[in-house]
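This report concerns only the one structure given below.
We did not get these values from a lab; they are worked out from the coordinates using the rules stated. None of these values were measured; they are calculated from a predicted model. Cβ sites come from the backbone with ideal geometry, for glycine too, and all protein chains shown count toward neighbours.
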Amino acid sequence: MKVILASSSPRRKELLKLIGLEPEVIEPKIGEFIKPEEKISDFLKRLTILKGNSVYINEYFNSIIISSDTIVLLKNKIIGKPRDREDAFCILKSLSKNVHEVWTGVSIIYKGKTYFDYAKTKVFFEEITDDEINYYLDNEDYMDKAGAYAIQGKASVFVKKIDGCFFNVMGFPLNLFFNMLKNIGINIYK
């Protein structure tokens, strides 16, 4: 069975390969914006499903199309990807000594049906000094990361603890995905 990943995230492809899948990657072409008065959970669901639908065509009917989106929330406000270094600095400063949430939506399109679920993980950051933030920004790729950090990189030292799925914070909750597949009758470990 062909597996298609509707994502430009190299981390998501890497995580799917970790569990034995070799997805074909097709980058979705959609605009990412929140509608006025849209609930965060509705925004996440809409965006995640739009990504999958943007690559779905009839020739993929018997394929599994996977799409995903990750958002970082601090005090119920979405923290996106940084616009530049100064914005990344401000984002990390706001996460310092705070608890934020990482939500990742997962959509599976299979045989004309769309399935959606999402995971939430709380991330507790230590206090981060300005020097530590500047060192991180000088030595890590932060521009394409929601919240301006990757938990599996140098920012790992900022994380005091997490409550929830580690892989969710990386951008793809593997356990949630595995159980979604099983619930629609697909067990990749059979």
Gain upon complete extension [Lys160, Cys90; 0.36 nm per residue less C-alpha separation]: 23.2 nm
Range of Cα positions in the stretch 3-183 per principal axis (Å), largest first: 52, 38, 27
Inter-centroid distance (Cα atoms) of the stretch 31-68 relative to the stretch 112-162, Å: 23 Å
Pair Lys182, Glu38: separation of 7 Å Cα→Cβ label points (nm): 3.3 nm
The stretch 1-110 - percent relative contact order, Cα under 8 Å, separation 6 or more: 30 percent
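Of the cross-linked pairs Lys97/Lys160; Lys29/Lys182; Lys39/Lys75; Lys93/Lys154; Lys35/Lys113, which ones have a Cα-Cα span greater than 18 Å in the structure shown?
Details: Lys97/Lys160 9 Å; Lys29/Lys182 29 Å; Lys39/Lys75 14 Å; Lys93/Lys154 16 Å; Lys35/Lys113 25 Å.
Going by Cα-Cα distance, Lys29/Lys182; Lys35/Lys113 fall outside the 18 Å limit.
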Sequence-separation-based contact order of the stretch 3-183, relative, with Cα cut under 8 Å and 6+ spacing, percent: 21 percent
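Could you order peptides 12-25, 164-177, 74-87 by the average number of other Cβ atoms within 10 Å of their residues, highest first? It would help to have the intermediate numbers written out before the result.
Values: 12-25: 15.3, 164-177: 21.2, 74-87: 13.6.
Answer by packing, highest mean first, reads 164-177, 12-25, 74-87.
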